[in-house]
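> Encoded as structure tokens, here's the structure I'll be asking about.
The values are calculated or read from the model by the stated rules, or taken from the named source; none is laboratory data. What you are looking at is a predicted structure, and each value in this text was computed from that prediction instead of being measured. Here the Cβ is made from the backbone with ideal geometry for all residues, glycine too, and neighbour counts use every protein chain on show.
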Amino acid sequence: MEVHDRIIEQVKNCILESMKSLTVITTLPLTLTDEDLFVPINVVRSTVLKALPLSGALNRKLLTPQQTKERFGPWLKIYDFLEKYDIFVSYHKGPQDKELALAMFTMLSNFSCGSELRAVEVFLDERRLQHGRRSQDDCIQSIVNSTIVVPIFSFDALAKIVKHDPSVVDSVLLEWICAIEGYKSDYSRIKYIYPLFSGRRDPVTGNVGSVFDCEEFKQIPDIIPQATLSAAESLLTANKVFSRAHTGFNTKTVKSIVTAISEFKGLSVDDDKQKNFLTICAENLIKTLNNHLTKMIQEKVRFVYLIVVVKIYVINTS
């Protein structure tokens, strides 16, 4: 699908430069007993996501949702909601951050991990959340069941946080709070938090500055995000990742949360790295993930070895 997306992007660029009145649509062939059809890919994807039958003219039922998914699955970029993930990408829903998050998801999809060279399982709400489910609950469940959390720490995210209303739940702060608490907890799968730091993009040069030089970073309010903390505590408790009220959980401020995320070692988008940023970031994440998976295997081997030694000792002394 990545190849298809690149081709479509190039075609759209050509149209934009020379034939602006045209458009491009990808269609998928569907051969039936009595006719051959070409169905727009966005129609096919929509019917599967909404669990609706694929219909033709006069509302004629062509395929069930399951048949549609089985026949066109590789084209649809539909990813199941899982119990656990390797990487969770957290981002502000602004256009620049969304573009970076989607690009990171696509890049990571090109990698494999572990001794079995299996696919890397990445959570991105655009790809994993399903219709008919509570999105906020599923996001937090996925965060605490991910090995690595990747917060996009950007100018756009901070610009929104600067205007924070304590009576309103902020989705970015909520995810960051749960990531921090999950990282500290023995009841969470989170082992690493790896922020991507992205500052303001120059509209003329396209260069991205340091987010730490932005005025927004210096103006983060030192107020308690009451509604967000309440939602975080409820969701963490529901996922058996117990919040640490006795260590000041309920007195966290917006500034202390942002500062905590900023202190994790991550990767900055700067002028030197812009062209290769996604590749560098993905390689760092996969290296970290593989090191973790190797460590887990080694710990299991040591555990099994210890059990064998104990059993031999019991046999010899009985």
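> Looking only at region 7-52, which residues are among the basic types (Lys, Arg) and either within 18 Å of ARG127 (Cβ to Cβ) or surrounded by 12 or more Cβ atoms within 10 Å (Cβ to Cβ) (or both)?
LYS12, ARG45, LYS50
> Return the pairs, sorted by first residue and then second, in which the second residue is at pLDDT 75 or above and surrounded by 16 or more Cβ atoms within 10 Å (Cβ to Cβ), the first residue lies in region 260-281 and is farther than 19 Å from PHE155 by Cβ and of a type outside the set (A, V, I, L, M), the beta carbons are less than 8 Å apart, and the residues are 6+ apart or on different chains.
Close Cβ pairs satisfying both conditions: LYS265/TYR194; THR279/MET107.
> Same structure, new question: Do the conditions hold for ASP165, that is, is it at pLDDT 95 or above, over 15 Å from the mean Cα position of the chain (by Cα) and not small (Gly, Ala, Ser)?
yes
> Right, another one. Answer with yes or no whether GLU83 is at pLDDT below 90 and either assigned to a loop (DSSP other than H, G, I, E, B) or assigned by TED's automatic domain parsing to the domain that holds GLY199 (or both).
So GLU83 does not fit the description; no.
> Next up: Looking at LEU173, LEU158, which one is assigned to a helix (DSSP H, G or I), touching an Asp or Glu at 6+ places or on another chain (Cβ under 8 Å) and of a type in the set (A, V, I, L, M)?
None of the other options fit; the residue is LEU158.
> Looking at region 20-37, can you tell me whether even one residue there is free of Cβ contacts under 8 Å to residues at least 24 places away in the same chain and assigned to a helix (DSSP H, G or I)?
No.
> Being free of Cβ contacts under 8 Å to residues at least 60 places away in the same chain and touching a helix residue (DSSP H, G or I) at 6+ places or on another chain (Cβ under 8 Å) narrows it down to one residue among ILE148, ILE177, ILE190; which is it?
Testing whether each residue is free of Cβ contacts under 8 Å to residues at least 60 places away in the same chain and touching a helix residue (DSSP H, G or I) at 6+ places or on another chain (Cβ under 8 Å) leaves just ILE190.
> So, one more: Which of the residues that make up region 190-210 are among the β-branched types (Val, Ile, Thr) and surrounded by 17 or more Cβ atoms within 10 Å (Cβ to Cβ)?
Within region 190-210, ILE190, ILE193, VAL208 meet the criteria.
> Also: Residue under question is GLU70, and the condition is that it be in contact (Cβ under 8 Å) with a residue 60 or more places away in the chain, of a type outside the set (A, V, I, L, M, F, W, C) and either surrounded by 11 or more Cβ atoms within 10 Å (Cβ to Cβ) or within 29 Å of SER146 (Cβ to Cβ) (or both); does it hold?
So GLU70 fails the test.
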